[in-house]
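Below is one structure. I have some questions about it.
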Protein chains: 2
Amino acid sequence: MTQDKGPRGFVKAEDVARLAGVSRSAVSRTFTPGASVSPAVRQRVQDAAKALGYRVNRLASSLISEKSHLVGVVGANLGTPFISRQLDQLSRGLLSRGMQCLLLNAADADQGIAPLIELILEFRVRAIVIMSGSPPSSIIDECRANGVRVILMHRESDDTATDVIMSDDVGGAKLAADRLLQARCKRPAVVSNGRGTQSQMRRRDAFVARMREFGLDTEIWASGTTSYETGAQAARDLLSDDRLDGVFCVTDLLALGFLDTAREMGRSVPGQLSLVGFDDIPQSSWLPYHLTTIRQSTSGIVASVLAAIERDARPGEAPIHHILPVELVERSTC
Amino acid sequence: MTQDKGPRGFVKAEDVARLAGVSRSAVSRTFTPGASVSPAVRQRVQDAAKALGYRVNRLASSLISEKSHLVGVVGANLGTPFISRQLDQLSRGLLSRGMQCLLLNAADADQGIAPLIELILEFRVRAIVIMSGSPPSSIIDECRANGVRVILMHRESDDTATDVIMSDDVGGAKLAADRLLQARCKRPAVVSNGRGTQSQMRRRDAFVARMREFGLDTEIWASGTTSYETGAQAARDLLSDDRLDGVFCVTDLLALGFLDTAREMGRSVPGQLSLVGFDDIPQSSWLPYHLTTIRQSTSGIVASVLAAIERDARPGEAPIHHILPVELVERSTC
DNA sequence: GGGATGATTGCACACGTGTGCATTCAATAG
DNA sequence: CTATTGAATGCACACGTGTGCAATCATCCC
């Protein structure tokens, strides 16, 4: 099978050409869809390539064709249920469409994600997908100037026109508020992390505004990271107030921590307290929880992202701004 | 800031050289650590580069230096708690060591992961990390022949020498068995998926063997995928037998589904039934579960993988074969 | 001051591939 | 049989970078 191919390096097209008795161009054309090669030559080339274990060098190939099939992905908290599901679907979609995923973890990005984006640009990627962090607009402008699409998920850039794809946080928060009102909630509270994440703040503010429309003031709790433990802490803090009867956690992970701790503190849910989450992660439908929540369609989001990537980047084009619908999932915490 | 840089393409070293009034070599050396450049020239080059928004083209750079800083990662079920945590830590570690992560999702790999590995090889990666799937040894041989390290996580290759890094499945299964025996278990069962995943089979077989050492026959349940729902199904199937008093689920995800369903069926855990899992995913320590389990050190595993990648690939070298210790985490399901 | 030494710098080649252009070849029509 | 057409093929250039080698320059010692 694997022939003796000399001590150094990979097999190159020239080696295949020599073995097949054709020019190097013929080899290149054989592996270029739509190029003009006779069936006979193509066959000889393919045989020779197989015998030698030849594979096209994407580095050289992308260098000459000025664009690669790489897509840069920036994300943090990759171990989290919602984000990991998103990454799973995104990486699958990219692969199935002939693109590859260059993943940079933004967890340790103390300087912000600008350095990560610069690094990605060095690979001459086709597009950049940002799942976490807020890129400075100077970098985004530079990407656009170089014809690299930038796609923001669940966030928007203040001053620069970018492709934006997110769920309907405002609509979802309203659904949550209305559901709690329907459960005759009089004393609402909202729980979010303390990082000022865009999507969480949108949900929080929309929830508060909706409640105010009905004359209710919402207690706001915001601290820590987006985690189960933070939700638990929120419960310990908020439930010192006995009259609290409706809580909206802007994330399911927060909601699950809140729910467990509330019950441990002796509150019955939904008896004394109604609870609504956001995301619909798999754990929310597990038996002990059965959490009423707002479902985001990750598959819809990912599909929109993929479509945005595949759009040809024409200079004057208006950026995409998709807001995907969400839905209330009735379970048993209201 | 961003100058008018002509209509086509990225800024190249030649543009910077022209603006700085030096040769292109000087530009290249400025961005090459350890190269010889005078401070004055370096400064002029850096200024010019900044003004033009120049970044080194990694494609060309890697092409000439014959090796990239890319590491290919193959994995499936990326939305799963254990695997996503692993990927999170791995991608962080790679980035912090100056390497980039080329992620290929193996979920849709009907033909096996060989095509994915071939694709990765086209990028002339430095190493390939396999989190899921069993690569045919022919491909692995080819990788080694080309100086690309292949690192298998949680599995080993039958006939080819490869770097292997896994947890001590056998030791962990013994710990699980011993813990159940300590709880006076007489009728044990083991639950695994139906896919024949290597690590799961090792745990299962070691558990069964250990029980047999003590004269106990273990009921074996194996079906479906590795999921919460599969664990629930196992409980429905197995708990028709009233006498079952000790269950080892080879994965926490299975264990949590099993636990919820067992309780819903009226079994008290740990009263009538003891349960041990494997992995120690975050959810296992959540309040409703508090699962007794075998903890894998993902940080230890990832550290070993990173060390393996960074080892210089010398031809004659013996492959790495690390088996990392696991520990019993006592909680309240035994 | 002259020669030696060491640091800088520019030239030119190499990396492996895609593709326009001219050339060759076979096939077809007249 | 000749002229025409279209496909197939090879040549040569281009992509953007790293680096060995030789040339240049400044510096230092005697």
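The values are calculated or read from the model by the stated rules, or taken from the named source; none is laboratory data. Note that the structure is a prediction, hence the values are computed from the model and not measured. Reconstructed Cβ throughout: ideal geometry from the backbone, glycine too, with neighbour counts over all protein chains shown. The accessibility values were calculated without ligands, DNA or RNA, using every heavy atom of the protein model including side chains. Shrake-Rupley method; radii C 1.70, N 1.55, O 1.52, S 1.80 Å.
Restricting attention to region B:15-37, and to residues there that are more than 7 Å from DNA strand D (Cβ to nearest atom) and among the hydroxyl-bearing types (S, T, Y), which single residue is least open to solvent (accessible area, probe 1.4 Å)?
B:T30
If you don't mind, another one. From the list B:A234, B:A262, B:A255, which one is away from chain A (no Cβ under 14 Å) and either among the hydroxyl-bearing types (S, T, Y) or in contact (Cβ under 8 Å) with a residue 12 or more places away in the chain (or both)?
The conditions single out B:A234.
Right, next: Would you mind telling me which numbered condition in (1) free of Cβ contacts under 8 Å to residues at least 40 places away in the same chain; (2) open to solvent by 60 Å² or more (accessible area, probe 1.4 Å) B:W286 fails?
So the condition that B:W286 fails would be (2).
Then there's this: Go through (1) open to solvent by 20 Å² or more (accessible area, probe 1.4 Å); (2) assigned to a loop (DSSP other than H, G, I, E, B); (3) not β-branched (V, I, T) one by one and return the number of the condition A:K174 breaks.
Of the numbered conditions (1) open to solvent by 20 Å² or more (accessible area, probe 1.4 Å); (2) assigned to a loop (DSSP other than H, G, I, E, B); (3) not β-branched (V, I, T), the odd one out for A:K174 is (2).
Still on this structure: Of all residues in region A:281-334, count the ones that are away from chain B (no Cβ under 13 Å), closer than 30 Å to B:A262 by Cβ, at pLDDT 95 or above and out of contact with any His (no Cβ under 8 Å at 6 or more places or on another chain).
The total comes to 5.
Next question, about the same structure. Is it true that B:R203 is part of a helix (DSSP H, G or I), under 20 Å from the mean Cα position of the chain (by Cα) and either among the basic types (K, R) or closer than 23 Å to B:V269 by Cα (or both)?
yes
Here's a follow-up. Return the only residue of A:I165, A:I128 being farther than 26 Å from B:S61 by Cβ, under 12 Å from the mean Cα position of the chain (by Cα) and more than 10 Å from chain B (Cβ to nearest Cβ).
Testing whether each residue is farther than 26 Å from B:S61 by Cβ, under 12 Å from the mean Cα position of the chain (by Cα) and more than 10 Å from chain B (Cβ to nearest Cβ) leaves just A:I165.
Here is a follow-up. Consider B:S62 carefully, then state whether it is within 23 Å of A:S65 (Cα to Cα) and within 11 Å of DNA strand D (Cβ to nearest atom). Please lay out each step first, then the result.
Details: within 23 Å of A:S65 (Cα to Cα): yes; within 11 Å of DNA strand D (Cβ to nearest atom): yes.
Considered against the rule, which asks whether it is within 23 Å of A:S65 (Cα to Cα) and within 11 Å of DNA strand D (Cβ to nearest atom), B:S62 comes out as yes.
Could I ask something else about it? Looking at (1) open to solvent by less than 30 Å² (accessible area, probe 1.4 Å); (2) basic (K, R); (3) away from DNA strand C (no atom under 16 Å from the Cβ), find the lone condition where A:R92 falls short.
For A:R92, the failing item is (1).
So B:H69 passes all but one of these: (1) away from DNA strand C (no atom under 16 Å from the Cβ); (2) on the phi < 0 side of the Ramachandran plot; (3) open to solvent by less than 60 Å² (accessible area, probe 1.4 Å). Which condition number does it fail?
For B:H69, the failing item is (3).
Tell me whether region A:237-260 contains one or more residues that are part of a helix (DSSP H, G or I) and either basic (K, R) or at pLDDT below 95 (or both).
The first filter runs over region A:237-260 and keeps only residues part of a helix (DSSP H, G or I), leaving A:237-238, A:252-260.
Then drop every residue that is not either basic (K, R) or at pLDDT below 95 (or both), which leaves none.
Within region A:237-260 (the criterion being part of a helix (DSSP H, G or I) and either basic (K, R) or at pLDDT below 95 (or both)), the answer is no, since none of the residues qualifies.
Further, regarding this structure: Show the residue pairs meeting these rules: Cβ distance below 6 Å; 6+ apart or different chains; first residue within region A:92-118 and in the same structural domain as A:I139 (by TED's automatic domain parsing) and under 16 Å from A:I140 (Cα atoms); second residue assigned to a helix (DSSP H, G or I) and not basic (K, R).
What qualifies is A:A114/A:I139; A:I117/A:I139.
Sticking with this one: Does A:R263 meet the test of being outside any loop (DSSP other than H, G, I, E, B) and open to solvent by 10 Å² or more (accessible area, probe 1.4 Å)?
In short, yes.
How many residues are hydroxyl-bearing (S, T, Y) and part of a helix (DSSP H, G or I) when one looks only at region A:73-132?
Applying the first criterion (hydroxyl-bearing (S, T, Y)) to region A:73-132 yields A:80, A:84, A:91, A:96, A:132.
With part of a helix (DSSP H, G or I) added as a condition, the list becomes A:84, A:91, A:96.
The total comes to 3.
Could you check region B:250-305 and list, in sequence order, the residues that are small (G, A, S) and under 13 Å from B:A176 (Cα atoms)?
Once the filter is applied, which keeps residues that are small (G, A, S) and under 13 Å from B:A176 (Cα atoms), region B:250-305 yields B:A255, B:S274, B:G277.
Of all residues in region B:96-135, count the ones that are open to solvent by 10 Å² or more (accessible area, probe 1.4 Å) and under 13 Å from B:I309 (Cβ atoms).
4
Checking B:S297 against (1) among the polar types (S, T, N, Q); (2) surrounded by fewer than 21 Cβ atoms within 10 Å (Cβ to Cβ); (3) over 22 Å from the mean Cα position of the chain (by Cα): exactly one of these is not met. Which one?
B:S297 satisfies all of (1) among the polar types (S, T, N, Q); (2) surrounded by fewer than 21 Cβ atoms within 10 Å (Cβ to Cβ); (3) over 22 Å from the mean Cα position of the chain (by Cα) except (3).
Scan A:G171, A:G93 and give me the residue that is of a type in the set (G, A, S) and either within 8 Å of another protein chain (Cβ to nearest Cβ) or under 14 Å from the mean Cα position of the chain (by Cα) (or both). Talk me through it step by step, then tell me what you get.
Details: A:G171 fails: either within 8 Å of another protein chain (Cβ to nearest Cβ) or under 14 Å from the mean Cα position of the chain (by Cα) (or both).
Going through A:G171, A:G93 in turn, just one is of a type in the set (G, A, S) and either within 8 Å of another protein chain (Cβ to nearest Cβ) or under 14 Å from the mean Cα position of the chain (by Cα) (or both): A:G93.
Scan (1) of a type in the set (A, V, I, L, M, F, W, C); (2) within 13 Å of DNA strand D (Cβ to nearest atom); (3) assigned to a loop (DSSP other than H, G, I, E, B); (4) under 22 Å from B:G147 (Cβ atoms) for the single condition A:F10 breaks and write down its number.
(2)
Tell me, yes or no, whether region A:38-57 has at least one residue that is within 11 Å of chain B (Cβ to nearest Cβ), open to solvent by less than 20 Å² (accessible area, probe 1.4 Å) and in contact with a Ser or Thr (Cβ under 6 Å, 6 or more places away or on another chain).
yes
Additional query: Take the residues in region B:72-82 that are open to solvent by 10 Å² or more (accessible area, probe 1.4 Å) and more than 8 Å from chain A (Cβ to nearest Cβ), then tell me which one is modelled with the highest pLDDT.
Our first condition is that a residue be open to solvent by 10 Å² or more (accessible area, probe 1.4 Å); within region B:72-82, this holds for B:76-77, B:79-82.
Remaining after also requiring more than 8 Å from chain A (Cβ to nearest Cβ): B:76, B:82.
Numbers: B:A76: 95, B:F82: 98.
Across region B:72-82, the extreme among qualifying residues is B:F82.
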